Every structure is written in structure tokens, then in C-alpha cells.
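Notes to accompany the following structure.
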Amino acid sequence: MKHAVIFDMDGTLFRTDLILERALDETFDHLRSEEKWKGPTPIDQYRNIMGVPLPVVWNTLLPQYDEQTREEVDAYFLTRLIKNIENGNGALYAGVLELFEQLYQMGHSIFVASNGLVDYLQAIVTRYELDRWITETYSIQQIDTLDKGDLVAEIVKKYELQEGFVVGDRLSDISAARANGLISIGCRFDFAQEVELQEANYVVNHLAEVLDIVSKETASL
């Protein structure tokens, strides 16, 4: 297996913005009901750090609470995210299914490497039947370092990848590609930041553009 396309999930394949505020509100409603939080839900603060592992999220949003409380909040938030996915409140970005089918037909292997947790990622894969195309889904939960570069390295090692691409909307995706000698494709989507996208080998505004880049690069390999 030589060529692979490794996708980020949140903000790249899955429109997390459609369930994020709802799930976060539900979580902070829960905290307010237990008198553990006062004031509005810090949605803007979360958007600024979107894409980092969840332990980092709760350390940032709830620095005043102990580790056990943050873990309880994390677990509750995960249940609300999954429930919203199962209820159909989320959506894939336009062109995901078509891109997957085209890449699959061209013989390229498809992977997901995400900072999302295993159960959350599985809920998305199941809801949209993405396992028709995805070889394997990797969660940051599977490694100790919480570093996406290390997560991508696991895929490269297991499948003996020689060439490939990492497609994502944040610097962690771009850096993961660079660390593993892969080509980075930055997605100028909802949570992307221009200063981070400048580090990518390519930048796309729509997933359909990914196919052209992959075709161009693999034609010369």
C-alpha cells in the first residue's frame, strides 16, 4: 500500500459546528443545574481552540475545577455529542461522499486521524456509513502523547505508507503531515485560521479540490 489520504474529522469531514453549540449548551446547562457554573456557555472561547484534544479543552474552559470534575464534564459532553449525531443534528461537509467514492475507485486508501474520542468518531462513521470507504479510523485516545503527528505516524507504520496526504483544517493536521513526510492539504472551512493555512502545501475551499491535488501529485510518483 503506497498512497493514502488521511483526513481530519471535525471541521474537515464533519460539520461539528452544527452540534457543537447545542452539545456545549447542554453540558453547561447540566453544570448550571448542579450550581457548578454561572453565566453563559463559553462557546466563543471553545471555537478559538477547536481541534485540540478534549482534555486540553476542559483545562482551558474549566481551569478552576479539579481533574475528576473535568473528566465528568468530558464524559457528559461526549454523550451529548453522540446523541446529537444519532439524532441527525450534524452533517458532513458538501462533497465528502463523492470524494471518498472517487478516491476509493482510484485505488487510494482512506484513513481518519482525529483528536476526537473513539466513541464519538464511531458515531459519525456509523451514522453516515463511512466505513464503506475508510480503511481505519484513528483517535487521539489511542496514543499517550496527544500529538496528531504521532497518531499519523501510527498509520504510516502499520500500513507501511510511502507517500500520502493529510487533509485538515488546523495546524495540527499540517504539522502532522510535515512530521511524517506527507503532503498537507489545508481546508479553509469554518474553524480554519489563515495564519495556520499558510503552512500547508495546498489550500482548498471545497473538498472537491482535494481530488485534483491528489491526482496531480500521484501522477508524478
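Values as computed for the structure displayed
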| quantity | calculated |
| --- | --- |
| Any hit, the stretch 196-208, residues being touching a residue at least 40 places away in the same chain (Cβ under 8 Å), crowded, with 24+ Cβ neighbours inside 10 Å and either on the phi < 0 side of the Ramachandran plot or not in a loop (DSSP other than H, G, I, E, B) (or both) | no |
| Residue among Tyr128, Tyr159 that is open to solvent by 10 Å² or more (accessible area, probe 1.4 Å), hydroxyl-bearing (Ser, Thr, Tyr) and either touching a His at 6+ places or on another chain (Cβ under 7 Å) or free of Cβ contacts under 8 Å to residues at least 40 places away in the same chain (or both) | Tyr128 |
| Among residues of the stretch 123-140, those that are in a strand (DSSP E or B), farther than 19 Å from Met50 by Cα and of a type outside the set (A, V, I, L, M), counted | 3 |
| Helices (runs of 4 or more DSSP H) lying entirely in the stretch 24-122 (those with 1 or more residues that are open to solvent by 20 Å² or more (accessible area, probe 1.4 Å), within 28 Å of Glu217 (Cβ to Cβ) and without any contact (Cβ under 8 Å) to a residue 60 or more places away in the chain) | 96-105 |
| Test set (1) touching a residue at least 60 places away in the same chain (Cβ under 8 Å); (2) open to solvent by 70 Å² or more (accessible area, probe 1.4 Å) - Arg178 fails condition number | (1) |
| Residue in the stretch 100-119 that is at pLDDT below 95 and touching a Gly at 6+ places or on another chain (Cβ under 8 Å) present | yes |
| Any hit, the stretch 194-214, residues being over 18 Å from Gly149 (Cα atoms) and modelled with pLDDT under 95 | no |
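Residue-wise test of (1) assigned by the TED database to the domain that holds Gly11; (2) more than 16 Å from Val5 (Cβ to Cβ); (3) under 13 Å from the mean Cα position of the chain (by Cα); (4) not aliphatic (A, V, I, L, M).
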position: Glu98; (1), (2), (3), (4): yes, no, no, yes
position: Ile124; (1), (2), (3), (4): yes, yes, yes, no
position: Gln142; (1), (2), (3), (4): yes, yes, no, yes
position: Asp150; (1), (2), (3), (4): yes, yes, no, yes
position: Ile155; (1), (2), (3), (4): yes, no, no, no
position: Val167; (1), (2), (3), (4): yes, no, yes, no
position: Asp173; (1), (2), (3), (4): yes, no, yes, yes
position: Ser184; (1), (2), (3), (4): yes, no, no, yes
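The values are calculated or read from the model by the stated rules, or taken from the named source; none is laboratory data. Treat the numbers as computed from the prediction; the structure is a model and nothing was measured. Glycine also receives a Cβ, built like all others from the backbone with ideal geometry; neighbour counts cover every protein chain displayed. Calculation scope for accessible area: heavy atoms of the full protein, side chains included, ligands and nucleic acids excluded. Shrake-Rupley method; radii C 1.70, N 1.55, O 1.52, S 1.80 Å.
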